[in-house]
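**Q** Supplied in structure tokens, the structure appears directly below.
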Amino acid sequence: MTHHMISRIAVWLLAIVMIVFGIMHFMNPDALVVNVPMFLPGGMIWVYVVGIVFILVALAFIFNRYVAVAGYVLAGILILFVLMVHLPNWRNSGDPAMRQLAFVNLLKDTAIAAFALFIGSNAKNQHLYEWK
């Protein structure tokens with residue numbers, strides 16, 4: 001396998017994960033709305049907006065269009081999750097199991113954000129994500 005093919009497979013795997021996450025935002029929004037910070041107006045609207053963003057980012061990765069923008073948008077939203085959801089949940093949870101879950105989610109979203117930044121930073125100059 002060539003470097004380009006491996007890179008493209010990695011981007012597609014992320015796209016599949018993001019589609020699943022996006023669909024989950026529509027299938028069970030009531031379970032996710034509790035994670036929307038109280039200071040944000042709109043509550044449920046944010047659950048749907050994030051679901052749409054995840055799906056649009058995935059489609060950009062799959063169709064190789066606006067990949068840099070999609071990578072930066074995904075990284076930005078995930079970093080916001082880390083700062084506004086997972087970090088407060090980790091700090092404020094009294095239950096050890098919930099604290100550990102918040103920490104795992106913090107690490108997961110940080111890792112995905114890092115990969116999204118890598119995709120975004122490499123998309124314009126190197127054409128790493130085209131099938132050759």
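**Q** Rank 88, 41, 29 by mean-square fluctuation in a GNM of the chain with C-alpha springs under 10 angstrom and give only the top-ranked residue.
**A** Maximum fluctuation in the GNM of the chain, among the listed residues, is at 41.
**Q** Another one. How large is ³J(HN,Hα) for each residue in segment 4-16, as worked out from phi by the Karplus curve 6.51 cos²θ - 1.76 cosθ + 1.60 (θ = phi - 60°), to whole Hz, x for Gly and Pro?
**A** Per-residue couplings from phi come out as 5, 5, 4, 4, 5, 4, 4, 5, 5, 4, 4, 4, 4 Hz.
**Q** In nanometres, what is the gap between the two model label sites at residue 68 and residue 3, each 7 Å from Cα along Cα-to-Cβ?
**A** 1.9 nm
**Q** Treat each spin label as a single point 7 Å out from the Cα along the C-beta direction, and report the residue 33 to residue 12 distance in nm.
**A** Those two pseudo-labels are separated by 3.8 nm.
**Q** Pop the C-beta distance of residue 100 and residue 59 into the FRET formula with R0 = 41 Å and round what comes out to the nearest 0.05. Show your work: numbers first, answer last.
**A** Values: r = 33 Å, r/R0 = 0.82.
With R0 = 41 Å, the Cβ-Cβ based efficiency is 0.75.
**Q** For the chain, modelled as a GNM with alpha-carbon contacts under 10 angstrom, which of 21, 39, 118 fluctuates the most?
**A** 39
**Q** While we're on this one: Apply the Karplus parameterisation 6.51 cos²θ - 1.76 cosθ + 1.60, with θ equal to phi minus 60°, to every residue of segment 45-55 and state each ³J(HN,Hα) to the nearest whole Hz, in sequence, with x for glycine and proline.
**A** Listing the rounded values in order: 4, 5, 4, 5, 4, 5, x, 5, 4, 4, 5 Hz.
**Q** Next up: By how many nm would the segment from residue 40 to residue 93 grow when fully extended, if each residue of separation counts as 0.36 nm and the alpha-carbon distance is taken off?
**A** Values: separation 53, 0.36 × 53 = 19.08 nm, distance 2.03 nm.
So the chain would gain 17.0 nm between residue 40 and residue 93.
**Q** From the phi angles alone, apply the Karplus equation (6.51, -1.76, 1.60; θ = phi - 60°) to segment 17-28 and give each ³J(HN,Hα) in whole Hz, x where the residue is Gly or Pro.
**A** 4, 5, 5, 4, 4, x, 4, 4, 5, 8, 6, 9
**Q** For labels at residue 83 and residue 121 in the simple 7 Å Cα→Cβ model, what's the distance in nm?
**A** Roughly 1.8 nm, to one decimal.
**Q** So, one more: Computed from these coordinates, which is Cα extents along the principal axes in Å: (1) 51, 27, 21; (2) 37, 33, 26; (3) 39, 36, 28?
**A** (1)
**Q** Let me ask something additional. Could you give the size of the charge dipole of the chain about its Cα centre, using +1 on the Cβ of each K and R and -1 on the Cβ of each D and E, expressed in debye and rounded to the nearest 20? Walk me through the numbers before you get to the answer.
**A** Numbers: 7 positive and 4 negative charges, 64 e Å.
Rounded to the nearest 20 debye, it is 300 debye.
**Q** Separate question: In whole percent, what relative contact order does the chain give with Cα contacts below 8 Å and a gap of six or more residues?
**A** On the way: 145 pairs, mean separation 41.2, N = 132.
Averaging sequence separation for qualifying contacts and normalising by length gives 31 percent for the chain.
Since every read-out is calculated from the coordinates, none of them should be taken as a lab result. Remember, predicted model here, so these are calculated numbers, not experimental data. Cβ coordinates were reconstructed from backbone atoms using ideal geometry, including for glycine residues, and neighbour counts include every protein chain displayed.
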